[in-house]
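For reference, the structure is listed below as structure tokens.
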């Protein structure tokens, strides 16, 4: 696992974030949504599924990033687009300084299964091929 800068992580999927330090999502040239995921928000609802569940940020300083994330989630859900994962691990060092580690999980592909304009859920599965992973995700019943 290689520690990357956020902009480098997006670039690994061919995506360009609008804010090199704080972007939460971007669209890749192949049509996939690239999502920045906080490491503490993952669950395992069933074997072989890694679920990411979160809400759009309400911090006024992240208003542009939150709006872009909402647009990307709407597009990914409506157009049944694949979601690619960037994992962001926040760490507090012994001296109290906060740092973060960023890496990608290119072996997983996701699908937006719920988005109500604020709260969202994305299920990820291991991909043999992008088409196979999307078939697996599409065969799952949507979370309501």
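The values are calculated or read from the model by the stated rules, or taken from the named source; none is laboratory data. Everything numeric in this text was worked out from a predicted model, so none of it was measured. Backbone-built Cβ (ideal geometry, glycine too); neighbour counts: all protein chains shown.
General observations
- Leading residue by the ranking (farthest from residue 104 (Cα to Cα)) among those in region 7-23 that are surrounded by 18 or more Cβ atoms within 10 Å (Cβ to Cβ) and modelled with pLDDT of 95 or more: 15
- With respect to the conditions (1) under 14 Å from the mean Cα position of the chain (by Cα); (2) surrounded by 14 or more Cβ atoms within 10 Å (Cβ to Cβ); (3) more than 16 Å from residue 125 (Cβ to Cβ), residue 108 lacks only one, and its number is (3).
- Strands (runs of 3 or more DSSP E) within region 1-91 that include 1 or more residues in contact (Cβ under 8 Å) with a residue 12 or more places away in the chain and in contact with a helix residue (DSSP H, G or I) (Cβ under 8 Å, 6 or more places away or on another chain): 25-27, 33-38, 49-55
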